[in-house]
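In what follows, a single structure is set out as structure tokens and then discussed.
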Protein chains: 2
Amino acid sequence: MEMINLGQFELVSNAFSFAIAVMGAATVFLFLGRSQVAPQYKTAVTISGIVTLIAFYHYWRIFDSWQAAYTVTATGLTATVHKFNDAYRYVDWLLTVPLLLLELILVMRLSREETVSKGKSLATAAALMILLGYPGEVSNITGERWKWWFLSMIPFVYIVINLVSGLTKSINSQPESVRQMVSDARTLTVLAWCFYPVVFVLPMLGVGGAEATTYVQVGYTIADIVAKAVFGVFIFAVAVRKSESNA
Amino acid sequence: MEMINLGQFELVSNAFSFAIAVMGAATVFLFLGRSQVAPQYKTAVTISGIVTLIAFYHYWRIFDSWQAAYTVTATGLTATVHKFNDAYRYVDWLLTVPLLLLELILVMRLSREETVSKGKSLATAAALMILLGYPGEVSNITGERWKWWFLSMIPFVYIVINLVSGLTKSINSQPESVRQMVSDARTLTVLAWCFYPVVFVLPMLGVGGAEATTYVQVGYTIADIVAKAVFGVFIFAVAVRKSESNA
């Protein structure tokens, strides 16, 4: 693999550190904010904070793994014997992506049956999506990457269709005051999510080795911040608004 | 002992990191969720969170011990002078397994006499089971492993029989709305538990050295996640449901 240069190494390091700060801050904000929402929304806010806490832990590991993978020398950057561990991202997503969908479902406060059935089907599809993406991510063979990307896109499209069309009825049943916000939360999820498959294909679109590594790491980091921290604060805002209107 | 390869080393490392994230997340979820259940169920939920907290601590130590036991070199993986410390698992189980049985008994809310008598007998049997398993786990002699496995299976079978038949009357006295859930929690315990003696015997069934090490470590990790984190969330769900129905 083509070596990244010192500037690229530093850019990625700083992006990871930024993510640690954002995820840690969001976790504390959500855990403290939990006391400000009505009892029926506490679990949604708790899960939002747990998602950013899990991401905080993994970005710490990712940062350390990145530092261990390279050494700065007098003449520039050299790779060490330690490979950067991509698995941390996938382990993180395997836990957090199903939980993110649960947050959205819980804050809508559907009937118990609908919550359980939608929660089960979306969380299962999310776990499947991540498990199918990993073998492609760790492969350097373009054909293999496309194969797993395609397989992973099947549950991905299923979830997006579910969010876009399946939730419309549930969103329309939300109280007037939050209908737009819940709809926005849904749009934010779909937009942030579309980032991931695009970042995944960058190395397959002829973006050169070192540059691709940089774009992939920075790209995933931005997507994670939007999909977890920004989204979590959004869920909290919906919970506060609904608590105020006794909905 | 046959050396594991780099891929096996990384697989086990990632499994341990996954366990750290799951146990930490479950602990926070249960400690925050404690405020959402009726006073008579708070102890059951507190103990559930303490079990995952103890496991969180031990998986951190286990992860570090695993990293210290091997070094990545330019030519692959080499063992260091530090032996991977299996004792952390047994110390963890010695504490958590009796507590797991107490969780189940407490959430059922039996009479005080029944709670004390069942708690004492099951917790004592659980501690005995762990103490008898350890000498076998650290032995490389197949005959020794079988001897301690057999001795450890005596309290194991006693507990399983107690859970399967002894608790049936108590489960039938649970309120209608949670009877199925409590029964499922019992089934989950029994199923997760049956995993351990099977993982233990893998090295005695001719599964080769390095492969056995990998399967044993990943197997115990999955079993721990189900028996502690998934089970703990289940206990919380039962407590919430019972609190709602004032049971």
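The values are calculated or read from the model by the stated rules, or taken from the named source; none is laboratory data. All of these numbers come straight from a predicted model, not from anything done at the bench. Cβ atoms come from the backbone with ideal geometry, glycine included; neighbour counts cover every protein chain shown. We work out accessible area using only protein heavy atoms, side chains counted, and drop any ligands, DNA or RNA first. Shrake-Rupley method; radii C 1.70, N 1.55, O 1.52, S 1.80 Å.
For the peptide A:75-84, the mean number of other protein chain Cβ atoms found within 10 angstrom of a residue's Cβ is 1.
Sorted from longest to shortest, the spans of the Cα atoms of the protein assembly as shown along the three principal axes equal 69, 66, 36 Å. Please give the FRET efficiency for B:VAL91 paired with B:CYS194, using the beta carbon to beta carbon distance and R0 = 30 Å, rounded to the nearest 0.05. Step by step, r from the Cβ atoms, then E = 0.85.
Solvent-accessible surface of the range A:6-244, taken per residue with a 1.4 Å probe and all protein chains present: 43 Å². Ignoring ligands, DNA and RNA, what percent of the accessible area of the range A:1-149 is carbon or sulfur (1.4 Å)? Result for the range A:1-149: 66 percent of the exposed heavy-atom area is carbon or sulfur.
Taking a ≥ b ≥ c as the square roots of the eigenvalues of the Cα gyration tensor, an a/c ratio of 1.5 or more together with a/b larger than b/c marks the range A:15-91 as prolate. Here the translational diffusion coefficient of the range B:6-244 follows from Stokes-Einstein with Rh set to the Kirkwood radius across Cα pairs; for 25 °C and 0.890 mPa s it amounts to 131 µm²/s. Applying 1/(1 + (r/R0)^6) with r as the Cβ-Cβ distance of B:ILE161 and B:VAL138 and R0 = 25 angstrom yields a FRET efficiency of 0.35. One Cα centroid belongs to the range A:56-124, the other to the range B:122-156; the line between them spans 37 Å. In whole percents, the pair-distance distribution calculated for the range A:1-42 from its alpha-carbon pairs, binned every 5 Å from zero, is 5, 19, 14, 13, 12, 9, 9, 7, 5, 5, 2. Here the gap between B:LEU205 and B:SER35, fully extended at 0.36 nm per residue and compared with their Cα-Cα distance, gives a gain of 56.5 nm.
The Cα atoms of the range A:67-106 give a gyration tensor whose axes a ≥ b ≥ c have a/c of 1.5 or more with a/b greater than b/c, which makes the shape prolate.
Taking the average, over residues, of other Cβ atoms within 10 Å as the packing measure, peptides A:40-48, A:16-24, A:162-170 rank A:40-48, A:16-24, A:162-170 from highest down. Each Cα pair under 8 Å and six or more residues apart adds its separation to the average, and for the range A:6-244 the resulting relative contact order is 26 percent. The relative contact order of the range A:15-73, computed from alpha carbon pairs under 8 Å that lie at least 6 residues apart in sequence, is 47 percent.
Projecting the Cα atoms of A:ALA229, A:LEU99, A:TRP146 onto the dipole axis of the protein assembly as shown, where Lys and Arg carry +1 and Asp and Glu carry -1 at the beta carbon, places A:LEU99 farthest toward the positive end. Taking the C-alpha atoms only, the angle from helix B:142-161 to the longest principal axis of chain B is near 10 degrees. The mean count of C-beta atoms from other chains within 10 Å of the C-beta of residues in A:53-64, rounded to a whole number, is 2. Peptides A:92-102, A:119-129 ordered by packing proxy, namely the average of other Cβ atoms within 10 Å per residue, highest first: A:92-102, A:119-129.
Take the Cα of A:ASP64, go 7 Å toward its beta carbon, and the backbone nitrogen atoms of the range B:14-37 under 15 Å from that spot belong to B:14-22, B:24.
Computed over the range B:46-86, the Cα gyration tensor eigenvalues convert (square root of 5λ each) into semi-axes of 30, 9, 5 Å, ordered from largest to smallest. Residue pairs exceeding 20 angstrom between C-alpha atoms, taken from B:LYS169/B:LYS242; A:LYS120/A:LYS147; A:LYS83/B:LYS228; A:LYS120/B:LYS42; A:LYS169/A:LYS242: A:LYS120/A:LYS147; A:LYS83/B:LYS228; A:LYS120/B:LYS42.
Mean residue ellipticity at 222 nm, helices only, the protein assembly as shown: -26000 deg cm²/dmol; runs of at least 4 DSSP H residues each add -39,500 (n - 2.57), and the sum is divided by the number of residues. Proximity of backbone amide H atoms, modeled 1.01 Å from N, is registered between B:TYR70 and B:THR80 at under 5 Å, excluding neighbours fewer than 5 places apart on the same chain. Using 7 Å Cα-to-Cβ label points, what is the A:SER117/A:THR75 separation (nm, one decimal)? Reported label-point gap for A:SER117 and A:THR75 is 6.7 nm.
Rounded to the nearest 10 degrees, the inclination of helix B:42-69 to the longest alpha-carbon principal axis of chain B is 0 degrees. Per residue of B:4-14, other chain Cβ atoms within 10 Å of the residue Cβ number 1 on average. The stretch between B:ASN172 and B:ILE154, if pulled fully straight at 0.36 nm per residue, gains 3.8 nm over its current Cα-Cα span.
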